[in-house]
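Novice: Structure provided below as structure tokens; questions to follow.
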Amino acid sequence: MLGEQKVVFSGVQPSGNLTIGNYLGAIKNFSRFSDTYKTFYCVVDLHAITVRQVPAELRRRTYETLALYMACGLDEKKNTLFVQSQVSAHAELGWILDCYTMFGELSRMTQFKDKSAKHAQNINAGLFTYPSLMAADILLYQTDVVPVGIDQKQHLELARDIALRFNQLHGDTFTVPDGYINTDTMKIMSLAEPTAKMSKSDPNPNAVVYILDTKDDIMRKFKRAVTDSEACVRMAEGKDGINNLITIYRAFTGKTVEEVEREFDGRGYGDFKEAVGEACAEGLRPVREEFARLSADKAFLESVMKNGADEAAYYARKTMSKVRRKLGFVN
Ligand code: AQP
């Protein structure tokens with residue numbers, strides 16, 4: 001809470017082109033909080049460097065992610081939109097919370113295990129302590145609610161444990177946050193390997209639908225999506241590919257599972273895939289158009305970044321001054 005107002009915080013890494021997993025699991029849900037909460041939406045570039053990035057691409061994607069936030073409906077006047085590395089309190093509190101996070105807790109994080117396997121040549125300390133920095137991002141703003149995809153649930157629970165531990169040792173300092181997970185679109189899966197999460201860093205571009213893909217690309221990717229041999233559009237155990245396509249179709253059309261099953265009763269996967277592609281391309285069209293308009297105006301994006309960072313820093317300073325006092329740091 002900040003004063004009387006409840007707070008929402010969330011972030012997305014500029015670590016690749018954003019996918020419909022990032023969109024449906026996270027960003028699309030952000031704007032629902034704008035009217036009733038104090039909202040902070042951050043481009044978490046400090047997190048992105050836990051994996052090697054090409055600097056020029058990281059910079060470009062940072063602008064792109066900010067523009068996408070706005071293109072997905074976040075009004076910069078109603079939401080604090082900012083870049084993590086421009087508010088130094090994130091790194092400062094991240095270090096402090098490292099000292100309140102246990103080695104054993106970090107070792108149990110499945111994202112660390114997955115990413116260490118993927119980046120065996122670069123298992124750096126930042127990859128390991130990523131969840132303490134994420135806790136800092138959230139706790140800096142006295143956040144009540146964190147809208148994320150289900151893959152971030154474990155990190156969020158750790159952020160809660162860190163807040164509780166700190167509060168217990170030093171007295172009430174941080175709001176203990178709750179997650180907000182949209183249960184309809186919890187986890188969008190890869191189109192090529194539907195038992196794995198759709199991820200922006202997937203090296204196979206056919207496995208992933210990017211928010212900014214053209215309609216032709218979208219149609220082609222859905223056409224190639226891995227399904228099964230049953231040729232029956234129904235949600236069922238073991239039909240991971242079809243279940244995933246039904247989830248995506250529902251997210252873009254607002255239909256229920258029963259409505260989708262009825263609509264495609266007796267029709268083949270070809271028809272269904274085409275309909276999913278159409279719904280997805282059509283749903284993303286306004287985002288793509290707005291993104292093109294916004295990204296042409298770099299000066300505007302920079303002014304949003306600057307105002308957002310100034311405002312975020314103001315609130316972050318308040319929390320940091322409390323934290324410093326509690327820890328016994330000399331002011
Ligand atoms: N496939 C997904 N389904 C639902 N939600 C998802 N999210 C990511 N993928 C899916 C949600 O998007 C938000 C931002 O994610 P992130 O950028 O912080 O990192 P991530 O979870 O590691 O996402 P990626 O796409 O897999 O990135 P890379 O490949 O760089 O690791 C989060 O709320 C996440 O839950």
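The values are calculated or read from the model by the stated rules, or taken from the named source; none is laboratory data. Quick caveat, the model's predicted, so the values are computed rather than measured. Quick reminder, even Gly has a Cβ in these numbers, built from the backbone with ideal geometry, and neighbours come from all protein chains shown. The area values use the complete protein model at the heavy-atom level, side chains included, leaving out ligands, DNA and RNA. Shrake-Rupley method; radii C 1.70, N 1.55, O 1.52, S 1.80 Å.
Novice: On a C-alpha basis, how far is the centre of the stretch 273-331 from the centre of the stretch 183-238 in Å? Whole number, if you could?
Specialist: Between the Cα centres of the stretch 273-331 and the stretch 183-238 lies a distance of 27 Å.
Novice: Of the lysine pairs in the stretch 205-291, how many meet both conditions: Cα atoms under 15 Å apart, and a spacing of 8 or more in sequence or different chains?
Specialist: Values: 215/223; 215/273; 221/273; 223/273; 239/273.
Going through the stretch 205-291 pair by pair, I get 5.
Novice: Can you tell me what share of the DSSP beta bridges in the chain is antiparallel? A percent to the nearest 5 is fine. Mind showing how you got there, number by number?
Specialist: Values: 3 of 17 bridges.
Given both bridge residues lie in the chain, the antiparallel proportion sits at roughly 20 percent.
Novice: Calculated FRET efficiency, residue 60 and residue 103, Cβ-Cβ r, R0 45 Å, to nearest 0.05? Intermediate values should be presented prior to the final figure.
Specialist: Numbers: r = 36 Å, r/R0 = 0.80.
Taking R0 as 45 Å, the efficiency between residue 60 and residue 103 is 0.80.
Novice: Can you give me the angle between helix 153-170 and the longest principal axis of the chain, using Cα atoms only, in degrees from 0 to 90, rounded to the nearest 10?
Specialist: Tilt of helix 153-170: around 10 degrees.
Novice: Next question, about the same structure. For helix 55-71, report the angle its Cα long axis makes with the longest principal axis of the Cα atoms of the chain; keep it between 0 and 90° and round to the nearest 10°.
Specialist: 70
Novice: What's the extension gain from residue 111 to residue 196 if we count 0.36 nm per residue and subtract their Cα-Cα distance? Intermediate values should be presented prior to the final figure.
Specialist: Numbers: separation 85, 0.36 × 85 = 30.60 nm, distance 1.27 nm.
That works out to 29.3 nm of additional length.
Novice: For residue 302 and residue 324, FRET efficiency with R0 = 30 Å and r from the beta-carbon atoms, rounded to 0.05? Don't jump to the answer; show the numbers that get you there.
Specialist: On the way: r = 31 Å, r/R0 = 1.02.
The computed FRET efficiency comes out at 0.45.
Novice: Continuing with this model, one more query. Hey, got the dipole for the chain? About the Cα centre, +1 on K and R Cβ, -1 on D and E Cβ, debye to the nearest 20? Walk me through the numbers before you get to the answer.
Specialist: On the way: 43 positive and 43 negative charges, 174 e Å.
In total the dipole reaches around 840 debye.
Novice: So how strong a dipole does the stretch 128-287 carry about its Cα centre when Lys and Arg Cβ are +1 and Asp and Glu Cβ are -1, to the nearest 20 debye?
Specialist: Values: 19 positive and 26 negative charges, 63 e Å.
Charge dipole, the stretch 128-287, about its Cα centre: 300 debye, nearest 20.
Novice: If you don't mind, another one. Using amide H atoms built in the peptide plane, which far-off residues or other-chain residues are under 5 Å from residue 186 H to H?
Specialist: none
Novice: Ignoring ligands, DNA and RNA, what accessible area per residue does the stretch 205-291 give at 1.4 Å, in Å²? Walk me through the numbers on the way to the answer.
Specialist: Values: 4210 Å² over 87 residues.
About 48 Å² of surface per residue is accessible.
Novice: Taking R0 as 35 Å, what's the FRET efficiency between residue 236 and residue 5 from their Cβ-Cβ distance, rounded to 0.05? Please list the in-between numbers first.
Specialist: Numbers: r = 44 Å, r/R0 = 1.26.
Here the calculated transfer efficiency is 0.20.
Novice: Related question: Give me the orientation-averaged projected area of the Cα convex hull of the chain, in nm², one decimal. If you can, show how the numbers build up before the last one.
Specialist: Values: hull surface 70.4 nm².
Over every viewing direction, the Cα hull of the chain projects on average to 17.6 nm².
Novice: Taking the highest mean first, how do the peptides 2-9, 37-44, 273-280 order by number of other beta carbon atoms within 10 angstrom per residue? Each step should come with its number before you reach the end.
Specialist: Details: 2-9: 16.2, 37-44: 25.4, 273-280: 21.4.
Output ranking for 2-9, 37-44, 273-280: 37-44, 273-280, 2-9.
Novice: Another one. Thinking of the stretch 205-291 as a set of Cα atoms, what percent of all their pairs are more than 19 Å apart?
Specialist: 35
Novice: With θ set to phi - 60° and the Karplus curve 6.51 cos²θ - 1.76 cosθ + 1.60, what are the ³J(HN,Hα) couplings of the stretch 240-247 in order, to the nearest whole Hz, using x for Gly and Pro?
Specialist: 4, x, 5, 4, 5, 5, 5, 4
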